[in-house]
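What follows is one structure encoded as structure tokens, with my remarks underneath.
Please treat every number below as a calculation from the coordinates, not as lab data. Just so you know, these numbers come straight off a predicted model, no measurement behind them. Counting neighbours? That spans all protein chains shown, and the Cβs are built from the backbone with ideal geometry, glycine included.
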Amino acid sequence: MQFSITFRHMEASEAVREYAREKVDKIKKYFPDPIMAHVVVSTERGYQHAADVNIQLHNGLLIKGHEVTEDMYSSIDLVMAKIERQVRRYKERIRSHKARADLSDIPIAHTIFASERASGATAEAATAVSAAASPTAAAADVLHHVVRTEQVVARPLGVEQAIMQLNLVGDPFLIFRNDATGHVNIVYKRKDGAYGLIETPQPH
């Protein structure tokens with residue numbers, strides 16, 4: 001297993017490094033090498049200790065977890081317990097997953113926007129632009145700006161495998177390349193607990 005750890009807003013600790021390595025090493029009993037694991041430990045507001053674990057398996061599947069407590073060792077324990085529960089749940093399906101060689105990954109730019117209320121001359125300008133674009137939006141004075149842009153990879157997966165990967169990483173949605181169609185799709189978890197699938201149309 002390739003293991004690395006990053007310390008943020010705290011001093012590097014050999015004790016924490018070895019403790020995290022020992023906990024992450026338990027994943028090896030489920031899957032063969034190569035396995036790459038990266039752990040990020042950090043302190044927030046001086047008393048909250050966060051542990052983020054990112055694991056990439058031999059077949060390209062990703063497993064992620066995040067926990068925050070008032071003790072770093074407890075955070076590592078909890079995040080690895082969560083990951084191990086997910087691994088046991090999907091163990092056989094993960095083992096049977098084979099990396100697709102017939103379809104290439106597609107890089108996707110994922111941009112996150114934030115909204116804020118405009119004021120003064122800025123608000124007047126925003127309202128004027130909104131009114132020009134749509135008469136019903138004349139009162140709109142909300143501005144949007146980019147918080148960050150991330151590069152994500154749309155990996156080739158089946159829909160069921162994409163749902164499994166979504167649960168393994170714990171994200172609200174997953175962008176993937178449907179290996180049945182070759183198109184970029186998005187799978188997400190709905191508020192009712194079901195899963196939604198967004199399919200991109202076939203270009204003409």
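The table below gives the values:
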item: FRET efficiency for I198 and N59, using Cβ-Cβ distance with R0 set to 25 Å, rounded to 0.05; result: 0.50
item: Cα centre as origin, Lys/Arg/Asp/Glu Cβ charges: the range 2-96 dipole, Debye; result: 640 debye
item: Diffusion constant of the range 2-96 at 37 °C, which comes from Stokes-Einstein with the Kirkwood Cα-pair radius and 0.692 mPa s, µm²/s; result: 243 µm²/s
item: Mean Cβ neighbour count within 10 Å, used as a protection proxy, ranking 78-90, 3-15 highest first; result: 78-90, 3-15
item: Pairs from K29/K82; K28/K82; K23/K189 whose Cα-Cα separation, in the structure shown, is over 26 Å; result: K23/K189
item: Integer Hz, Karplus 6.51/-1.76/1.60 couplings in order for the range 21-38, x for Gly and Pro; result: 4, 4, 5, 5, 4, 5, 5, 4, 6, 9, 9, x, 6, x, 10, 10, 10, 10
